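Read through the structure below, which is laid out as structure tokens, and then see the notes.
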Amino acid sequence: MDAATAATATAAAAAMVWFRKGLRVHDNPALDAARRGAARVYPVFVLDPRYLRPDPDAPSPGSARAGVARVRFLLESLDDLDSRLRRLGSRLLLLRARDDVSDAVCGALKDWNIGKLYFESDTEPYALARDKRVTDFAAASGIEVFSPVSHTLFDPAVIIEKNGGRPPLTYQSFLNIAGEPPAPIAEEYSVLPPIGDTGEYELFSVPKLEELGYGDISQEHVPPFRGGETEALKRMRESLQDKEWVAKFEKPKGDPSAFLKPATTVLSPYLKFGCLSSRYFYHCIQDVYRSTKMHTKPPVSLTGQLLWRDFFYTVSFGTPNFDHMKGNKICKQIPWRESEELFVAWRDGRTGYPWIDAIMIQLRKWGWMHHLARHSVACFLTRGDLFIHWEKGRDVFERLLIDSDWAINNGNWLWLSCSSFFYQYHRIYSPISFGKKYDPNGDYIRHFIPALKHMPKQYIYEPWTAPLSVQEKARCIIGKDYPKPVVDHAAASKECRNRMGEAYALNRPGGGDPVKGNKASNSRQRKISEYGPDSSKSKQPKYKQLRRL
Ligand code: FAD
């Protein structure tokens with residue numbers, strides 16, 4: 001064998017598995033294919049400064065794009081992945097990108113003479129651009145690439161193709177096309193091929209959060225959810241143990257104020273980082289269904305929640321500028337108002353509405369809130385009270401959520417702001433009575449806002465109505481120890497409804513005159529508003545389309 005042939009044979013025998021999401025060993029098609037296809041496997045993760053570089057000007061500790069709670073969750077997940085790989089005779093090779101992650105990957109591919117590259121496909125715009133730089137390099141260097149779909153139940157591209165090249169824009173039309181997802185990989189293995197020579201490379205162990213330079217994080221609460229595949233599988237099994245709970249799961253019936261024992265699974269951060277395979281989760285739920293007499297159905301069931309996830313992945317993949325109002329064909333154009341003062345009050349949990357503020361504080365401290373709690377604060381910021389752009393709220397969630405997910409977050413902000421998917425803008429969550437319904441004593445508020453701890457039950461949702469003597473006794477003077485409401489909900493929500501009505505009228509084809517309008521286009525617009533943009537094809541009755549949650 002000549003030297004060139006020998007080098008090619010060595011390269012063919014060496015594979016890199018590039019982890020980004022998909023931080024797991026179970027049901028991992030990229031890892032599974034690599035172990036079958038190569039004698040040496042380099043499992044790599046590159047720390048990305050885009051997400052991790054400290055930003056001292058950020059409103060809370062962390063980077064510009066990620067709060068410390070999510071960074072902590074990521075580091076815990078990497079640590080766990082490394083341990084699990086070590087148990088299989090391998091380890092995680094952690095690299096640090098100076099600037100662009102793709103440069104670090106291409107450098108390692110070249111330096112380690114890799115012949116095959118395996119990574120899970122990712123449909124986010126940032127990931128698509130990053131991955132293209134790497135696959136272009138691989139093509140030019142004769143490196144084989146295998147990039148399976150395993151972050152979602154289905155391949156968004158295939159669903160779009162089956163729908164004639166456009167993403168299905170209602171949940172029901174998505175379900176009609178989707179069918180059953182592929183089964184997860186069932187085979188477990190006890191050993192992985194060894195890693196090869198890493199030459200001069202400086203390999204890092206997973207850093208501690210304190211080492212990343214975020215300043216004083218001692219005051220930050222540690223979320224009660226620990227990252228990693230081990231924890232994900234444990235949490236999933238615990239959730240599915242109560243078969244009756246799984247079979248009867250109905251999302252709209254959950255209690256958003258339950259924080260000691262949340263009303264839902266809290267598997268979203270594990271699905272976000274791929275510590276848990278959504279296909280594996282889906283199939284485990286199906287196993288439970290098979291052992292029970294009856295079970296709820298999508299959209300409200302537990303499998304229905306995973307299908308919502310795939311729905312938003314598919315629409316976001318097929319919609320240019322999905323994360324913007326401008327240039328986004330499925331987004332209503334609404335003249336949101338600018339008010340930095342109101343926005344900051346919302347972001348920092350200082351609106352004077354305890355229900356809203358407690359949720360925003362839970363977001364900052366834990367990085368997770370119940371779905372209906374997210375509804376409340378998203379509605380309040382946008383079409384409910386403050387009339388501030390959904391993109392600003394989206395950015396706050398994107399930075400602070402531990403389950404922050406580009407497709408799902410943008411999709412839900414479009415939904416809640418009545419910019420897309422859902423159009424009943426007159427239905428506004430009350431920042432007072434909605435939370436009270438679930439938690440009349442205000443335990444959730446008392447936990448996250450200690451200043452209100454001693455406020456009597458009858459004033460806990462509207463502390464500004466408490467007589468001064470009561471405020472003094474509760475050691476909480478409104479306007480001093482806790483803010484006065486930034487707006488009057490009754491007046492603000494009325495104004496928001498009017499503004500939304502005007503904006504919707506202008507969004508009508510040939511709009512501009514909301515009073516006269518155009519009969520034909522108005523009736524079409526009504527249909528679009530109530531059923532979603534592609535509803536003309538759907539035969540579902542109205543309430544089914546709207547019952548989401
Ligand atoms: P469960 O009810 O146990 O559901 C199981 C899984 O289904 C979840 O883990 C999640 O992956 C998926 N799921 C549940 N609800 C939805 C939904 N409405 N849309 C899509 N997938 C869903 N979820 C995120 O994962 N990341 C986000 O960035 C995100 N941003 C949101 C922003 C707003 C304004 C709103 C209203 C919702 C957002 N959600 C987001 C959706 C939802 O609130 C969370 O997925 C859910 O609360 C997570 O808790 P869980 O894992 O206990 O959910």
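The values are calculated or read from the model by the stated rules, or taken from the named source; none is laboratory data. Just so we're clear, the structure is a prediction, and the values are computed from it rather than from any experiment. Note that we place each Cβ from the backbone using ideal geometry, even for glycine, and neighbour counts take in every protein chain shown. All accessible areas refer to the heavy atoms of the entire protein, side chains included, with ligands and DNA or RNA removed. Shrake-Rupley method; radii C 1.70, N 1.55, O 1.52, S 1.80 Å.
A few points about this structure:
- Just so you know, the Rg over Rh for the chain is 0.99, from Cα atoms, with Rh as the Kirkwood radius.
- Pairs of Cα atoms farther than 22 Å apart, the stretch 199-300, %: 47 percent
- Bridge type composition, the chain - antiparallel percent by DSSP, nearest 5: 15 percent
- Comparing the stretch 287-432 with the 2.2 N^0.38 Å rule of thumb, its C-alpha radius of gyration ratio is 1.10 (two decimals).
- Counting only aspartates and glutamates at least 8 places from K297 when in the same chain, those with an alpha carbon closer than 13 Å to its own are E250.
- Checked against a 25 Å cut-off, the cross-linked pairs K248/K365; K392/K484; K251/K437 give Cα-Cα distances beyond that limit for K248/K365.
- Relative to the compact-globule estimate of 2.2 N^0.38 Å, the Cα radius of gyration of the stretch 387-522 comes out at 1.37.
- Relative pair counts by distance (%), Cα atoms of the stretch 320-365, 5 Å bins: 5, 21, 16, 12, 16, 19, 10, 1
- Degrees, to the nearest 10: 68-87 long Cα axis against longest axis of the chain: 30 degrees
- Measure of compaction for the stretch 259-314 (Cα Rg per 2.2 N^0.38 Å): 1.18
- Only aspartates and glutamates eight or more places from K326 in sequence, or on another chain, were considered; those with a Cα closer than 12 Å are E391.
- Heavy-atom accessible surface of the stretch 344-429: percent carbon and sulfur, 1.4 Å: 49 percent
- Calculated on the alpha-carbon coordinates, the convex hull of the stretch 243-352 measures out at 170 cubic angstrom per residue.
- Reciprocal mean inverse distance between Cα atoms of the stretch 305-391 - Kirkwood radius, Å: 14.5 Å
- Measuring nothing but alpha carbons in the stretch 93-198 and taking Rh as the Kirkwood radius, the Rg to Rh ratio lands at 1.05.
- Dividing the summed helix terms, -39500 (n - 2.57) for each DSSP H run of n ≥ 4, by the number of residues in the chain produces a 222 nm estimate of -13500 deg cm²/dmol to the nearest 500.
- Loop-located GluC sites (Glu not before Pro) in the stretch 124-198 (DSSP state other than H, G, I, E, B) with a sparse environment of at most 12 neighbouring Cβ atoms within 10 Å: E187, E188.
- Sequence-ordered 3J(HN,Hα) estimates for the stretch 438-449 from the Karplus curve with 6.51, -1.76 and 1.60 and θ = phi - 60° stand at 8, 9, x, 7, x, 4, 4, 5, 4, 5, 8, 10 Hz, glycine and proline given as x.
- Here the average projected area of the convex hull drawn through the C-alpha atoms of the stretch 344-389 stands at 2.9 nm².
- Sequence ranges 169-176, 409-416, ranked by mean other-Cβ count within 10 angstrom, highest first: 409-416, 169-176
- Ordering of 197-207, 468-478 by burial proxy (mean other Cβ atoms within 10 Å per residue, highest first): 468-478, 197-207
- Approximate shape of the stretch 51-109 as ellipsoid semi-axes (Cα gyration tensor, √5λ), whole Å, largest first: 26, 18, 6
- Accessible surface, per residue, of the chain when the full set of protein chains is kept, probe 1.4 Å, Å²: 44 Å²
- Label separation (R53 vs K253): 5.0 nm, computed from points 7 Å beyond Cα along the C-beta direction.
- Rough spin-label spacing in nm, given labels placed 7 Å along Cα→Cβ, for K329 and D197: 5.4 nm
- Intensity falloff of the stretch 7-151 expressed as log10 I(q)/I(0), Debye formula with alpha-carbon point scatterers, at q = 0.17, 0.19, 0.20 Å⁻¹: -0.98, -1.20, -1.31
- Added length on full extension, which subtracts the Cα-Cα distance from 0.36 nm per residue, H221 to H426: 70.1 nm
- Based on C-alpha pairs under 8 angstrom that are at least 6 apart in sequence, the chain has a relative contact order of 16 percent.
- Packing-based ranking of 424-435, 49-60 yields 424-435, 49-60, ordered from highest to lowest mean Cβ neighbour count within 10 Å.
- Modelled this way, with points 7 Å down the Cα-to-C-beta line, the labels at E338 and D100 are 3.3 nm from one another.
- The relative contact order of the stretch 261-325 comes to 16 percent, based on Cα pairs under 8 Å that sit 6 or more residues apart.
- Shape call, the stretch 125-264: gyration tensor on alpha carbons, a/c limit 1.5: oblate
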